[in-house]
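Comments concern the structure below.
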Amino acid sequence: MKLVKPTKKYEKSWHEALAEFRAEKRKGFWNLEKEPTNLEDYIKLTKDNKIGKSLPKDWGPSTTFWLIDKDQFVGHTNIRHKLNDYLAKIGGNIGYYIRPSARNKGYGTKILELALIKAKKLELQKVLITCNESNIASQKIIEKNKGKFQDKVLGEGEPKLRYWIEL
């Protein structure tokens, strides 16, 4: 397993994952206003986001990686380089999403483990990771990666749990 920057090499499995996210009726690409359909446009957007261009509301510069296993897109992670007010309360430094067909197989724990290594290379010393209070799987993933619970905050809809991880 490895983290890679978005690339056309895995386009077929990326589109398959998009179909899974769509069928689930959940927003799988949370840094976008709408679901991506054109991979080249999406890759350009991730490059722009890295340098602080074309950012969604309440966002900051971020780096996107894909989790690849056996030449298949499994999920993606987004590492926000710094926290603004919104990210410090709700979004955190790292978000990740695993395609539905790959869940409950250890990929969530692995994507966060690898994202923490990338965050350290971005010279972050500690990261904030949040999840919905009802997302028990994400809570376990964060705790397996040495997340220390800080508090619960009210935000958009469901309360968010906030965890810190020292790098």
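If you go through the stretch 141-164 and keep only what is over 16 Å from Ala115 (Cα atoms) and either under 16 Å from the mean Cα position of the chain (by Cα) or not acidic (Asp, Glu) (or both), you end up with Lys148, Phe149, Gln150, Lys152, Val153, Leu154, Gly155, Gly157, Pro159, Lys160, Leu161, Arg162.
Just a yes or no: is a residue in the stretch 27-38 assigned to a strand (DSSP E or B), of a type in the set (Gly, Ala, Ser), over 23 Å from Gln125 (Cα atoms) and in contact with a strand residue (DSSP E or B) (Cβ under 7 Å, 6 or more places away or on another chain)? Even if it seems obvious, please write down each step before you answer.
Filtering the stretch 27-38 down to residues assigned to a strand (DSSP E or B) leaves none.
Scanning the stretch 27-38, I find no residue that is assigned to a strand (DSSP E or B), of a type in the set (Gly, Ala, Ser), over 23 Å from Gln125 (Cα atoms) and in contact with a strand residue (DSSP E or B) (Cβ under 7 Å, 6 or more places away or on another chain), so the answer is no.
Residues in the stretch 40-73 that are farther than 20 Å from Ile129 by Cα, aliphatic (A, V, I, L, M), touching a residue at least 24 places away in the same chain (Cβ under 8 Å) and surrounded by 18 or more Cβ atoms within 10 Å (Cβ to Cβ): Ile68 alone. None of Glu143, Glu166, Glu113 is touching a Phe, Trp or Tyr at 6+ places or on another chain (Cβ under 8 Å) and free of Cβ contacts under 8 Å to residues at least 60 places away in the same chain except Glu143. Residues in the stretch 74-106 that are farther than 16 Å from Gln150 by Cα, surrounded by fewer than 19 Cβ atoms within 10 Å (Cβ to Cβ) and basic (Lys, Arg): Lys82, Arg103, Lys105.
Under the condition of being within 18 Å of Leu87 (Cα to Cα) and in a loop (DSSP other than H, G, I, E, B), the residues counted in the stretch 124-157 number 8. Checking each residue in the stretch 121-132 for being surrounded by 13 or more Cβ atoms within 10 Å (Cβ to Cβ) and more than 14 Å from the chain's Cα centre (by Cα) picks out Leu122, Leu124. The set of residues in the stretch 107-117 being surrounded by fewer than 23 Cβ atoms within 10 Å (Cβ to Cβ) and of a type outside the set (A, V, I, L, M) consists of Tyr107, Thr109, Lys110, Glu113. With respect to (1) of a type in the set (A, V, I, L, M); (2) at pLDDT below 95; (3) part of a loop (DSSP other than H, G, I, E, B), the lone exception for Ile90 is condition (3).
The values are calculated or read from the model by the stated rules, or taken from the named source; none is laboratory data. This one's a predicted model, so the numbers in the text were calculated from it and none came from an experiment. No Cβ is skipped: glycine too gets one built from the backbone with ideal geometry, and neighbour counts run over all protein chains shown.
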